[in-house]
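First up is the structure itself, then whatever we jot down about it.
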Amino acid sequence: MSTATINDSHAVGHHGDAHGHDHHHQSFITKYIFSTDHKMISKQYLITGIIMGCLGMGMSLLFRLQLAWPDETFPFLETLLGKWAKGGKLDPNYYMALVTIHGTIMVFYVLTAGLSGTFSNLLIPLQVGARDMASPFMNMLSYWFFFLSSVVLMSSFLVETGPASSGWTVYPPLSALEKAMPGSGMGTTLWLVAIILFIVSALLGGINYITTVLNMRTKGMSMNRLPLTIWAFFLTAVLGLLSFPVLLGAGLLLIFDRSFGTSFYLSDIHLNGVGALSNSGGSPVLYQHLFWFLGHPEVYIILMPALGISSEVISTNARKPIFGYTAMVISLLGISFLSFIVWGHHMFITGMNPFLGTMFMYVTLIIAVPSAVKTFNYLATLWKGNIRFTPAMLFAIGLVSMFISGGLTGIYLGNAALDIQLHDSYFVVAHFHLVMGSASIFGMFAGIYHWFPKMYGRMMNKTLGSLHFWLTFISAYLVFFPMHFMGLAGVPRRYYQFSLIPEFNIWMDVNIFITLAAILGGIAQLLFLYNFFNSIFRGPKASKNPWESNTLEWSTETKHIHGNWEGDIPTVYRGPHEYSRPDRELDYFPQYEIGDGEPEHYHAPATAPDTSYDGKKEKATTVFFSSFAHLFSLRRA
Amino acid sequence: MNTILKLTLKFTLAVVIIFSAATLISDSVDIQGISTEHLSAEKPWVGADEYQYDPGQTVTPEKTLSSKVNWAILVFVVLMVLVLANAFDISKYTAKITGRETVNQNNVNKWIMLFFMIAGFAAVIWEYQTHGAMILLNDSSSAHGVDYDSMFTITLVLTTIVFFITQALLFYFSFRYAHQDGRKALYYSHNNRLEVVWTFIPAVVLTVLVLRGHQTWKSVVYAEDNYNGKMHSIEVFAYQFGWKARYAGDDGIMGNVDYKFISGKNELGLAYKPEVDSLVVDLKKQIAADEASIKNLNTTILDGLMADFTAAENLRDYKNMESVQKEIDAVKNGDRLDELKASIKRKTKQIERILAIQNDKKLFASTFTSAAMDDIITQEIHLAKDSLVTLNFRSKDIIHSAWLPHFRAQMNVVPGMPTKFTFRPTKSTEEAKKERGEEFEYYLYCNKICGVSHYNMKIKVVVESQEKVNEWLKSQQPAFIKREMAPVAPAIMNDTLKTSTDTIQKMVVR
Ligand code: HEM
Ligand SMILES: [Cu+2]
Ligand SMILES: [Cu+2]
């Protein structure tokens, strides 16, 4: 049976034959589909995220073709899109649809669910030392709501009038009025349904993450010994829990306006082909307030897990403690708090009272301070390190670079005065693709390369990984850096074609260049896909702790078992970043390893006692109710 | 033996693939060449509202050649991946044969880090020089634009310095401290004094920026506060997909407007009694027609559609058959009925509301002044150089955004909510042409996604002397009267009379 010992001092604590893992039969369905195991759910999130990512990336290449060669025809487009690309020329309505769904997919489906869903699920139980999530059943539901939501979103491509096309922010009245643009018909209805399902998924996941982190830490795992990944996931979940319901509200009101004749967002509208609408008294700006109340925290919901992952990866591979652990945590807390009061910086020129603009400008520039602190701490961590360039490390370094480049342009945009000119220009596109898009995707890749051995028990190819990194890194800069200058020259975003405005023709070469660079980026992702799927089946077998890392997940066996640890859950004796301690031979010191002269039993009790996990297949109903018990009992005996 | 065989095979395959890809690419690039000359700079601009996108228009035979390029790109992508996958398999096999790792990952990556930093910085500097020269900076055509540009420059300088320092440290550290066998990293977990320092420094820098920013912002949004020169105000009206400007007529007063008054002949919804009356008559007629349609929906209308369908069927006109079928479906499943009912309801409500204004004496008097009659609606915006102008924005349908990049001016145009932007143009079109070339014109672009022709929603802006503006205005026709008959003073005039936008803004403030 269990051949493994957790570590020397804890091998004694086995339950011996109480383990039922090996003769514990699971059907294909319970194991791979309706699984309640957090590791399987994490893989489900990852694979779905990767598929959505490919779709999103493909869409961006399609509309980049249009921007680079507005006067050309591409016969394959007609084959692919039918009536939306008659004669091989992308229809402007469809261009908008692609931009909209690309944004939605990347922001919500890839960088929120794909990133935070994958790694919160994988790492929270493993790194805090828990058998599973507080509520495995809700966790499963969370994935399936996400899956359903993805299906609904993609199904809008099958609608006759096309998918939602009013931008990923779906501002009404454009998105509220079917006659304003074709995509605002059935397409937007599906978009809204998809987002509501998504919110349900995010909330179910978030409640779970928070509960698990607060209540299910193993012995010795006090909050100040949590790896920074966990801090990041935890705060991300808090942000989500507090802000997604507001988006839900915004979406519901929009549904009312669309279908039930209310006027929350509509007033004084005379629409071509319809006439004067009866709606009066509503305000489109209200929607924007509600949307950005989620929208701004959302960008940090996307970024923070990536920052957490890169902290862990950088510390491990620089073989150094992360510099300023406390400062890092305080920065995350600061960012989390501030991100709730800066939403108005997306609305400086909506006609909102200029005084409000002033206030939002002040708080927005304050939020740049903790961001700067984090950057300096990363740099200090690298200083005098002994850096191993694993693919994960490369991507983490790439993240820091992107975060600097994109963060600095935030200082322009956060300045209300400067934003007058920059708003909705390509400068904004450059800003958020660097700081959010690229940085977070890099964090996600760092996570995938780093924890792949934990997820699949095999190693990914390093050389391909390096190549993937450099191609992606270079292409990301080539694509997004020139966009700053286009924006500063007055080129607006979300334009189907620039050649109708003579002044923009000087940017034609740049547009072609960007598209070519984007294609290069696309090729690089194919390398990743090959490496990823090939390694799942054919990669070399991974050892238990391939990166010689400190955190708790590396104390588990490579083969996944329900309940994570064969015997007792290990006790934690110190913080997660004790690398290269001068008093030790080895350059790492796992959290779960007891050192000389350290007390055998650490005094901090586990937040959740380990009710010996027998791995027996529980009935779904039992799991469900027990998970609620877990959820609501803050203290369990 | 087996491995060596495989290796040779794969190698040959890779070579073949590379060669065929190279040939394909070079062929197609030869045909096409990447030039931008043929792009439609001179394409005549079609009025945005009439603008119908027609893909057929732009396709000329020689352009379809480039489809080869696309196929080549596609094929190339696939081949590249195959090649790379093969190449890496090869390195795996060589590793197997020779028994050692072919490359030292750490060493290679470390040098690429250094190289990337140097090449990257060179590229950034090149970008600043080449594309930086193309941006709008220090060439503002408005008074506040000068402040704006200096604010921008300060931010640019500061962030550029920080950019170079932090990126240099990042890549240099990565290079310098790459893994070496036998070396141990420095155990250094925190330094609170350092944390304080690097919290404090950005905080101070940002405070400076934010204070400057606050000043600039105030000078822009409260531009009229400390100004005692000439002031104008114009209404800028946005609709899917175009712009119109409205000037007060000879009376110097802007007429009232209401979205409920908008009709084919009264595009901006001016409060002009005869037009509004005829709109009411029109609406009543439409209601009657809708009611008739409801009555005949399942009889004559359906029969008519059926007949159309049969006719189309006989002609094998499948497209027509499909669209007629859709209409038949709509009749049968009740959609059409719902539509008609909604339309009647909407129009009845509109009439009700219009009559409510007309029947309220006070409201009537303050709404239907004669000020609207002589308002001038134009297809261009003409601004007087050096005098302060307020653009009052109004949207007919959805949110648009009026962006005048050369004037560093932008404001959203929101239905149901008046917005405005005040600024002082300081560079005439003539002067700008001298700097930017004869073809240059100022434009106001739409900068908020607003539908299918969003990318072609613009209006020409001309800055010239006050005299020229007046002259131009004289050449334009007033909305509802012939120039000769324009009254010198409004017929109904009382003290409370205000321009419509003023009243609305007052209401909002209250
Ligand atoms: C240094 C701190 C930052 C500041 C001061 C800042 C400021 C701003 C401002 C003012 C805008 C609005 C620009 C406009 O629409 O006119 C903006 C847009 C945006 N920012 Fe940031 N930002 C910062 C960092 C970030 C981070 C860390 C992320 C994401 C992780 C992010 C993601 C975005 C996104 C997605 C948008 C565009 C939304 C849209 O209009 O579609 N920003 N930023
Ligand atoms: Cu924001
Ligand atoms: Cu528009």
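The values are calculated or read from the model by the stated rules, or taken from the named source; none is laboratory data. Just so it is clear, the structure is predicted and the values come from calculations on it, not from any experiment. Cβ: placed from backbone, ideal geometry, glycine included. Neighbour counts: every protein chain shown.
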For this session: Determine which single condition B:Leu136 fails, assuming it passes every other condition in (1) in a loop (DSSP other than H, G, I, E, B); (2) closer than 30 Å to A:Arg388 by Cα.
Result: (2)
For this session: Hey, can you tell me all the residues within the range A:479-510 that are among the acidic types (Asp, Glu) and either within 7 Å of chain B (Cβ to nearest Cβ) or touching a Gly at 6+ places or on another chain (Cβ under 7 Å) (or both)?
Result: A:Asp509
For this session: Could you please let me know if A:Thr463 is within 16 Å of ligand 2 (Cβ to nearest atom) and within 8 Å of chain B (Cβ to nearest Cβ)?
Result: no
Exercise. Among the listed residues A:Phe403, A:Phe395, which satisfies the condition of being at negative phi, near ligand 1 (Cβ under 10 Å from one of its atoms) and at pLDDT 95 or above?
Worked result: A:Phe403
Exercise. Across the range A:501-520, what is the number of residues that are within 26 Å of the chain's Cα centre (by Cα) and either of a type in the set (A, V, I, L, M, F, W, C) or more than 30 Å from B:Ser453 (Cβ to Cβ) (or both)?
Worked result: 5
Seminar exercise, completed: Taking the range A:241-270 and keeping residues part of a loop (DSSP other than H, G, I, E, B) and in contact with a Pro (Cβ under 9 Å, 6 or more places away or on another chain) leaves A:Phe264, A:Tyr265, A:Leu266, A:Ser267, A:Asp268, A:Ile269
Exercise. Is at least one residue of the range A:87-106 crowded, with 24+ Cβ neighbours inside 10 Å, within 16 Å of ligand 1 (Cβ to nearest atom), under 30 Å from A:Leu228 (Cα atoms) and not hydroxyl-bearing (Ser, Thr, Tyr)?
Worked result: yes
Seminar exercise, completed: Cβ pairs under 8 Å, 6+ apart or interchain, first in the range A:231-245 and without any contact (Cβ under 8 Å) to a residue 60 or more places away in the chain, second in a helix (DSSP H, G or I) and among the small types (Gly, Ala, Ser), ordered by first then second residue, are A:Leu241/A:Gly206; A:Phe244/A:Ala202; A:Phe244/A:Gly206
Exercise. In the range B:386-399, is there at least one residue being without any contact (Cβ under 8 Å) to a residue 60 or more places away in the chain and either surrounded by 22 or more Cβ atoms within 10 Å (Cβ to Cβ) or farther than 29 Å from A:Pro354 by Cβ (or both)?
Worked result: yes
Seminar exercise, completed: All conditions in (1) within 21 Å of the chain's Cα centre (by Cα); (2) surrounded by 19 or more Cβ atoms within 10 Å (Cβ to Cβ) are true of A:Phe340 except (2)
Seminar exercise, completed: Of the residues in the range B:412-442 that are more than 7 Å from chain A (Cβ to nearest Cβ) and part of a strand (DSSP E or B), the one that is nearest to ligand 3 (Cβ to nearest atom) is B:Val413
For this session: Scan the range A:345-360 and give yes if some residue there is buried (at least 18 other Cβ atoms within 10 Å of the Cβ), over 27 Å from B:Ala223 (Cβ atoms), more than 9 Å from every other protein chain (Cβ to nearest Cβ) and within 14 Å of ligand 2 (Cβ to nearest atom), otherwise no.
Result: no
Exercise. Hey, does the range B:391-398 have a residue that's in contact with a Lys or Arg (Cβ under 6 Å, 6 or more places away or on another chain), facing chain A (nearest Cβ under 10 Å) and more than 30 Å from B:Ile301 (Cα to Cα)?
Worked result: no
Exercise. Listed residues A:Leu303, A:Leu333, A:Leu286; which is more than 16 Å from ligand 3 (Cβ to nearest atom), farther than 28 Å from A:Gly49 by Cα and not β-branched (Val, Ile, Thr)?
Worked result: A:Leu286
Exercise. Would you say A:Phe445 is buried (at least 20 other Cβ atoms within 10 Å of the Cβ) and part of a loop (DSSP other than H, G, I, E, B)?
Worked result: no
Seminar exercise, completed: Selection from the range B:131-153 of residues more than 10 Å from chain A (Cβ to nearest Cβ) and closer than 21 Å to A:Gly406 by Cα yields B:Thr153
Problem set entry | B:Met134 vs. criteria buried (at least 19 other Cβ atoms within 10 Å of the Cβ) and outside the structural domain of B:Trp403 (by TED's automatic domain parsing) | no
Exercise. Is at least one residue of the range A:307-326 within 14 Å of ligand 2 (Cβ to nearest atom) and either more than 21 Å from B:Ala203 (Cα to Cα) or at the interface with another protein chain (Cβ under 7 Å from one of its Cβ atoms) (or both)?
Worked result: no
Exercise. Is it true that some residue in the range A:201-212 is more than 16 Å from ligand 1 (Cβ to nearest atom), crowded, with 19+ Cβ neighbours inside 10 Å and under 30 Å from B:Ile398 (Cβ atoms)?
Worked result: yes
Problem set entry | Leading residue by the ranking (farthest from A:Ile561 (Cα to Cα)) among those in the range A:452-489 that are surrounded by fewer than 24 Cβ atoms within 10 Å (Cβ to Cβ) and small (Gly, Ala, Ser) | A:Ala489
Problem set entry | Residue that is farthest from the other protein chains (Cβ to nearest Cβ), among those in the range B:227-261 that are crowded, with 24+ Cβ neighbours inside 10 Å and in a loop (DSSP other than H, G, I, E, B) | B:Gly249
